[in-house]
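Visitor: Below you'll find the structure I mean.
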Amino acid sequence: MGDAGRNHPGSGNAGMNDGERAPWRVAVLGASGLLGRAIAAELAASAGFEVVSTAMSRAGEGLHRLDLTDTPALERFFDTHRPRTVVLAAAERRPDICEHEPARARALNVTAVEAVARAARRHECRVLAISTDYVFDGRDAPYLPDAAPHPLNAYGQSKLDGEEALWSVTRDGCVLRLPLLYGPLEALGESAVTSFIPALQRASAQHPAVIDNWAIRYPTFTLDIAVVIRQILERDAAGRPVDGTHHWSGDEPMTKYAIALNLAERLDLDPSLIVAQSTPTDATPRPFDCHLDSSSLEALGIGKRTPFKQGLDLVLGNWAVVQTG
Ligand SMILES: NC(=O)c1ccc[n+]([C@@H]2O[C@H](COP(=O)([O-])OP(=O)(O)OC[C@H]3O[C@@H](n4cnc5c(N)ncnc54)[C@H](OP(=O)(O)O)[C@@H]3O)[C@@H](O)[C@H]2O)c1
């Protein structure tokens, strides 16, 4: 990061020793979402950070309402809260919506990224923007961060264009690409790891659940990603920022069919009612295998991986509590 004179604690808090260092203020945009919730909670639990969280439809206690497509509101937010780093977790991440409502998807996934980057630059604030493995076509895994992107669908294209929108404004920032996410839920539909649970529960001998056994996914736990992001931001706050594009991924390859068998075991469902679908049937094209090589972050000592079965147990256990509570 060409950041001579930037306001890192080492420079901006000149004269203070480490014990007196002011918390690093981070704005988490999209903190009501599957990933944003985990990030905001992880940072809030760390004494080194002060967190300002935003949401859209789920704004409420502790969550400021901020529509990222409203540029004047975004500017007011930066003027009021003056974050040192902004984590951009808000996005339209549903591939089918991106395919059928491209203008709506691009307003959030592209135009708003550029607006955030511009506001951040004016306030000497770094941006960490979340992106996706869907920027790749899935034909040549594993992918290093500098591998040539080639999205197959409108979602992947909008996220790639969002990355480029960030880089058109500043090189002082980080793009973190992630694969299929799962983590503590507010609704089963929030994650593609859990969204087909109702179909598994409805399955019968006459109508088995037919689940994709073609595409390879690397389900990645949101609580692990939150740790990765905290570790990245700790480097920011120490004046050793992590710039450029990086990847983080779980390391257990599995198809949705394999995920379904894990779910069936955990939920005591009959696995013989789940049928493997060996060719892709999705209306929206999806890549075969986008395994993200995470070595650039691992080389910095950054990373955390919870075994899938353990993460799933935690998610389903929490979900049972949410249901009965
Ligand atoms: N989910 C995955 O499997 C996956 C995989 C790879 C990468 N990613 C990336 O990871 C990031 C987080 O995804 P996620 O799954 O956590 O998404 P999510 O659960 O759908 O959350 C989306 C967030 O965006 C907010 N939002 C929606 N419209 C907004 C607007 N106009 N202005 C401001 N905020 C708005 C939502 O707020 P409200 O809910 O309050 O309206 C919510 O906080 C995204 O960049 C996504 O592309 C996700």
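Since every read-out is calculated from the coordinates, none of them should be taken as a lab result. Just so we're clear, the structure is a prediction, and the values are computed from it rather than from any experiment. Cβ coordinates were reconstructed from backbone atoms using ideal geometry, including for glycine residues, and neighbour counts include every protein chain displayed.
Visitor: I need the Kirkwood Rh of the stretch 79-212: take the reciprocal of the average 1/r across all distinct C-alpha pairs and report it in angstrom.
Guide: About 16.6 Å for the stretch 79-212.
Visitor: Among PRO219, PRO149, PRO184, which one shows the highest mean-square fluctuation when the chain is modelled as a Gaussian network with alpha-carbon springs under 10 Å?
Guide: It is PRO149.
Visitor: Starting from the Cα-Cα distance between THR80 and ASP140, subtract it from 0.36 nm times their residue separation and give me the gain in nm to one decimal.
Guide: Working it through step by step, the gained length comes to 17.1 nm.
Visitor: Which whole-number percent is the relative contact order of the chain (Cα, under 8 Å, 6+ apart)?
Guide: For the chain, the relative contact order is 20 percent.
Visitor: Lysines near LYS256 by alpha-carbon distance under 18 Å, same-chain residues fewer than 8 away left out - which ones?
Guide: Within reach: LYS309.
Visitor: So how many Å³ per residue does the convex hull of the Cα atoms of the stretch 49-151 work out to?
Guide: 132 Å³
Visitor: Amide H neighbours of VAL275 under 5 Å, counting only residues 5+ apart in sequence or on other chains, H built in-plane at 1.01 Å?
Guide: Residues meeting the criterion, in which the H sits 1.01 Å from N, are ALA209, VAL210, ILE211.
Visitor: OK, next. Roughly what % of DSSP beta bridges within the chain run antiparallel, to the nearest 5?
Guide: Antiparallel bridges make up about 5 percent of those DSSP assigns within the chain.
Visitor: Further question on the same structure: In terms of modelled amide H atoms, which long-range or inter-chain residues lie less than 5 Å from the amide H of TRP24?
Guide: The answer is PHE49, GLU50.
Visitor: Springs between alpha-carbon atoms under 10 Å, Gaussian network over the chain: tell me which of SER294, SER195, SER131 tops the mean-square fluctuations.
Guide: Among SER294, SER195, SER131, the largest GNM mean-square fluctuation belongs to SER195.
Visitor: Something else about it: How much mean residue ellipticity at 222 nm does the chain get from its helices, if each DSSP H run of length 4 or more adds -39500 (n - 2.57) and you divide by all residues, to the nearest 500 deg cm²/dmol?
Guide: Roughly -10500 deg cm²/dmol at 222 nm, from the helical runs in the chain.
Visitor: Taking the mean number of other Cβ atoms within 10 Å as a proxy for protection, how do you rank 41-53, 96-108, 274-286 from highest to lowest?
Guide: The peptides rank, most packed first, as 41-53, 96-108, 274-286.
Visitor: If I model a spin label at ALA283 and GLU164 as a point 7 Å from the Cα along the Cα→Cβ vector, what separation in nanometres do I get?
Guide: It works out to 2.8 nm between the two label points.
Visitor: Moving on to the next point. Taking the stretch 187-325 as the region of interest, what is the percent of Cα-Cα pairs per 5 angstrom bin, listed from the shortest bin to the one with the maximum distance?
Guide: Binned Cα distances yield the sequence 2, 9, 16, 19, 17, 14, 11, 7, 4, 2, 1, 0, 0.
Visitor: Counting only residues 5 or more places away or on other chains, whose amide H sits under 5 Å from the amide H of SER131 once H atoms are built in the peptide plane?
Guide: LEU176, ARG177, LEU178
Visitor: May I pose another question? Just check the stretch 260-304 against the gyration tensor rule for me: Cα atoms, a ≥ b ≥ c as the square roots of the eigenvalues, rounded for a/c under 1.5, and otherwise prolate or oblate depending on whether a/b exceeds b/c.
Guide: The shape class here is oblate.
Visitor: Once you compute Rg and the Kirkwood Rh from C-alpha atoms, what is the Rg to Rh ratio for the chain?
Guide: For the chain, the value is 0.98.
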